[in-house]
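**Q** Before we start, here is the structure in question, set down as structure tokens.
The values are calculated or read from the model by the stated rules, or taken from the named source; none is laboratory data. Since this is a predicted model, take the numbers as computed values, not measurements. Ideal geometry is used to build each Cβ from the backbone, glycine not excepted, and the neighbour counts take in all protein chains shown.
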Amino acid sequence: MKTIMKRRKAVVGAVVLFAALGSYAMNQGTYYTKVNIWYENPEKIFSTNYHVGRILKAGTKVIVTGTDSGDQVRVSGLGGRQIRFTDPETAISYIMTYVPRHSSISFEEYFERHFSETEPVFSFSKKEMEHIRRGTIGEGMCKEAVIVAYGYPPSHKTPSVKLDLWIYWVSRYNTRHVRFDGDKVFEVVN
């Protein structure tokens, strides 16, 4: 009986270890950014999506080196999960931290919103592509173009992109409101 219990524990332990390694390995490899990613410090990019500093452009090829679990990550007292990746062209390493209390989506959804295994093909108007290149929002842009240019609005402020008002954080204390009429931007208020 003790031998059977030991074997069961060993099998369960192996399954847990394999699952943990599998989820880690699943996120490693070559990806492309699906949206512009803003940062002041490439190693402190938070899921609140602040719009200050530089932009890692949508469509950039990156190497995702792994993710960390929330138990391992403590950033400014916040628990979270991290995505670690490198831009092989510039050799800059990035760390994006997903903070659960600032989000209504899962870590997996957060990852999928930012990275794709296939290079994205953007089919927006010339004007929308210029806004995406500059990381700006302009009247007449469709919602999808705004997402590529500015990233997803933080889900704790904008629970659904189906809404006609999206709230972005420009900085820790300032927000930008984007109002839509149907699928098109009609007002941006700082």
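**Q** Can you tell me which residue is modelled with the highest pLDDT among those in the stretch 67-99 that are surrounded by 13 or more Cβ atoms within 10 Å (Cβ to Cβ) and in a loop (DSSP other than H, G, I, E, B)?
**A** The extreme case among them is V99.
**Q** Go through the stretch 146-187 and give me each residue that's in contact with a strand residue (DSSP E or B) (Cβ under 7 Å, 6 or more places away or on another chain), touching a residue at least 24 places away in the same chain (Cβ under 8 Å) and buried (at least 18 other Cβ atoms within 10 Å of the Cβ).
**A** Listed by number, the residues that qualify are V146, Y150, G151, P153, P154, Y168, W169, V178, F180, V185.
**Q** On to the next question. Here is a check on your reading of the model: is I63 modelled with pLDDT of 95 or more and either farther than 16 Å from I45 by Cα or in contact with a Phe, Trp or Tyr (Cβ under 6 Å, 6 or more places away or on another chain) (or both)?
**A** Yes; evaluated as a whole, the condition is true for this residue.
**Q** Right, something else. Report the residue count in the stretch 112-144 for those that are touching a Lys or Arg at 6+ places or on another chain (Cβ under 9 Å) and not basic (K, R).
**A** 14
**Q** Tell me, which residue of the stretch 100-129 that is in contact with a His (Cβ under 9 Å, 6 or more places away or on another chain) and outside any helix (DSSP H, G or I) is modelled with the highest pLDDT?
**A** F124
**Q** Does F115 satisfy being surrounded by fewer than 17 Cβ atoms within 10 Å (Cβ to Cβ) and either closer than 16 Å to V35 by Cα or charged (D, E, K, R) (or both)?
**A** Answer is no for this residue.
**Q** Anything in the stretch 130-144 that is assigned to a helix (DSSP H, G or I), touching a strand residue (DSSP E or B) at 6+ places or on another chain (Cβ under 9 Å) and not charged (D, E, K, R)? List them, or say none.
**A** none
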